[in-house]
1. Quickly work out the residue 101-to-residue 365 label distance, labels modelled 7 Å from Cα along the C-beta direction, and quote it in nm with one decimal.
2. Could you check the spin-label model distance between residue 296 and residue 260? Points 7 Å from the Cα along Cα→Cβ, value in nm.
3. Send over the Kirkwood Rh of the chain, from the inverse of the averaged 1/r over different Cα pairs, rounded to one decimal Å.
4. Taking H as built 1.01 Å from N, whose amide H comes closer than 5 Å to the amide H of residue 294, not counting residues under 5 places away?
5. For the stretch 308-322, in order, what is each residue's ³J(HN,Hα) by Karplus, 6.51 cos²θ - 1.76 cosθ + 1.60 with θ = phi - 60°, in whole Hz (x at glycine and Pro)?
6. With only Lys, Arg, Asp and Glu charged, each at its Cβ (+1 for the first two, -1 for the last two), find how big the charge dipole of the chain is about the Cα centre; round to the nearest 20 debye.
7. Points 7 angstrom from Cα along the Cβ direction at residue 418 and residue 286: gap in nanometres?
8. Pairs of Cα atoms under 8 Å, at least six residues apart: use those to get the relative contact order of the chain, whole percent.
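Every read-out reported here was derived from the displayed coordinates using simple, explicitly stated rules and does not represent laboratory data. Keep in mind the model is a prediction, meaning the values are calculated, not measured. Neighbour counts run over all protein chains shown; Cβ positions are idealised from the backbone, glycine included.
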Amino acid sequence: MARVNGVPGFTQTDLLNVTEQLLVDGVPVPVGPTAANVKIINDLSQLPDPILGKYILEGNTVYDFSALNGIVLENTFDCSAGGITVKAETALYAMLIYFGSDLLFIGPNLDIRNITIFAPNSEIFQLTKTGSADYFLANTVLIAAAAKYGTFDLHDLNIINCGSIDLADGLTLVGTEWNTTRADGFNLQSASTSFVGIDVTGATLSDARFDSVVMNAPAGAEGFRALASNANIAPNEICTYINGAFTGGVTPLAGGVTTEDIRYDFGPNGGLPDSIIAANPYLATQTTVVIPSSNVFVKVNQGNWLATISERLSVSADGDVKNETEQPIRIDFTGFVTMEKSGGGADYITARYALNDDPNAPESVITENGTENSQPTSVPLVGIFTLQPGDFVSVWVANEDSSSNIIVRNAKFTNFRLR
């Protein structure tokens, strides 16, 4: 729900006569302007007189192009005054046409909605912050043609139900002071082999979510470009990219980012595997565990563990399955241990998972299972653990009847995050 960042006791009249801000889902949007601050644009003469090739738009003002089926611009827009809205009633009728090559919109913030833009030689938006709450809001904006969608160095970006028909290049996000980044229902299309849909390699994002972003471009083009090792996401933050698609020949991920990076969550997306949290540790060779006395659990940690999958969970040679993310996660542990008493005989031997090398922790104890058999016997082990960052789980065994050693012939497990 929207709320006013003001002082108690505001009346409706007060709200209409001052420029405050609303927060909608954490994104600042301008309120005001009063009726006197709405300008209906029927032709170019109703725009401000250009200065050095730019229409200097008034701050806290709505420019309404609803009366136009199309207007050919001779100059571009400077939105540096802030609090500016460019709108129409429907994007099907209002079109801004520009054949020059200058930046079409510059400024620290802009709210644009229900507009079609045809500017084949221009970068449409280049917005750079000057204050502490600068933003870009786009709703139902169609870019029919452009040299580039835009470059943004802001605090908040929100793109909703927007699309494109022919872009030579996409969005570039830069800067380190981002609060929220949202794109929901966003279509990016290009015929260029050098197209990059969304490039965040120059940014440090915090709360970022890309939902239903669809890209179509030929081979050679790139979809989402970010640096390796989570370099573009602030610590303890997550960038979510879901429900999208990468079609044509576009390469979904570029720049070093992968679906395994711990500050990203990809999926489901057409053309790109989902991010997962999973591992499949297994004992690579038969291992003898030395038992010091009966009823003492000993870790199966003789350096014989391997894994073919370990995504966001690491598997050490000593069998530690560790949470490598920056968030608490709930993990299902399912597998078996094949073991026998050294020297033959039928002592009761047991196995259990241990959390953080503590086999007596309550969540460890309940996973115990055992066998009393003179032959090698497979014992199933199951458990669910909530792992804080850095927590790990390993396999321990004990002989409850004697101090005879235990031979672990085989052990295999699968670990998956439970949502």
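1. For residue 365 paired with residue 101, the spin-label model returns 7.6 nm.
2. Placing both labels 7 Å along Cα→Cβ, they lie 3.8 nm apart.
3. Hydrodynamic radius (Kirkwood, Cα only) of the chain equals 25.0 Å.
4. Distant-sequence amide H within range of residue 294: 403.
5. Each residue of the stretch 308-322 in turn: 9, 10, 8, 9, 6, 10, 9, 10, 8, 5, 8, x, 7, 9, 10 Hz.
6. Value, rounded to 20: 500 debye.
7. Label-label distance for residue 418 and residue 286, simple model: 3.6 nm.
8. Contact order relative to length: 9 percent.
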